[in-house]
Amino acid sequence: MGFETGGLKLLGGIDLQIRRGARTVIMGPNGAGKSLLLRVLHGLISPTTGQVFWQRRPLDKVARQAQAMVFQRPVLLRRSVRSNLKFALHVRGKKGRERDSLINRSLAAAGLTALAHRPARVLSGGEQQRLATARALASQPELLFLDEPTSGLDPASTAASGELFL
């Protein structure tokens, strides 16, 4: 699998298998294509050569529903903290009590219960990143892509974000 644009090969010769239950770390210097690779694997960008497979089938919408991604910079909707979680779960088909329970558990785990009705975009950087991580985890993905989600956070926010995975 690979990716080219404007005559430049940005990814090439990628042959990767991610095992269920395993943690896979992709390391390399700045500009090596790590973020691009994650976006291709998640289906946000199509490879220009080869294909991405999910459970031995080409990556499709159903496969993407089983995945979630947390970016370096949080991507939040112009809604409340709670509504960000609600929308993500609605897209995944979660409704009623199940959805509300997942929202409440996610808010508590992220330490955001008291901020549930605040606009998501006025949160601090660390709070926004915890919300983005909680939103990804709330969907209970089979595969979670993390693109340096704590790279711009202070040590306390990094620790708080890391606690979401325990």
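Values for this structure:
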item: Residue in the stretch 145-160 that is modelled with the highest pLDDT, counting only those that are farther than 17 Å from P29 by Cα and surrounded by fewer than 17 Cβ atoms within 10 Å (Cβ to Cβ); result: P155
item: Given (1) more than 23 Å from L44 (Cβ to Cβ); (2) of a type outside the set (A, V, I, L, M); (3) surrounded by fewer than 18 Cβ atoms within 10 Å (Cβ to Cβ), number of the condition Q140 does not satisfy; result: (1)
item: Exclusive hit being open to solvent by 60 Å² or more (accessible area, probe 1.4 Å) and within 15 Å of the chain's Cα centre (by Cα), set V91, V70, V122; result: V91
item: Residue tally, condition surrounded by fewer than 14 Cβ atoms within 10 Å (Cβ to Cβ) and hydroxyl-bearing (S, T, Y), over the stretch 19-50; result: 3
item: Close pairs from the stretch 82-109: first assigned to a helix (DSSP H, G or I), partner among the basic types (K, R) and surrounded by fewer than 18 Cβ atoms within 10 Å (Cβ to Cβ), Cβ under 7 Å, at least 6 apart; result: F87/R79
item: A132 touching a Pro at 6+ places or on another chain (Cβ under 7 Å), of a type in the set (A, V, I, L, M) and either crowded, with 19+ Cβ neighbours inside 10 Å or more than 25 Å from S35 (Cβ to Cβ) (or both); result: yes
item: Criterion violated by R97 - all others in (1) open to solvent by less than 80 Å² (accessible area, probe 1.4 Å); (2) among the basic types (K, R); (3) over 27 Å from G28 (Cβ atoms) satisfied; result: (1)
item: Within the stretch 128-166, tally of residues that are under 13 Å from the mean Cα position of the chain (by Cα) and not in a helix (DSSP H, G or I); result: 12
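The values are calculated or read from the model by the stated rules, or taken from the named source; none is laboratory data. Everything numeric in this text was worked out from a predicted model, so none of it was measured. Using ideal geometry, Cβ is built from the backbone for each residue, glycine included, and neighbour counts are taken over all protein chains shown. Calculation scope for accessible area: heavy atoms of the full protein, side chains included, ligands and nucleic acids excluded. Shrake-Rupley method; radii C 1.70, N 1.55, O 1.52, S 1.80 Å.
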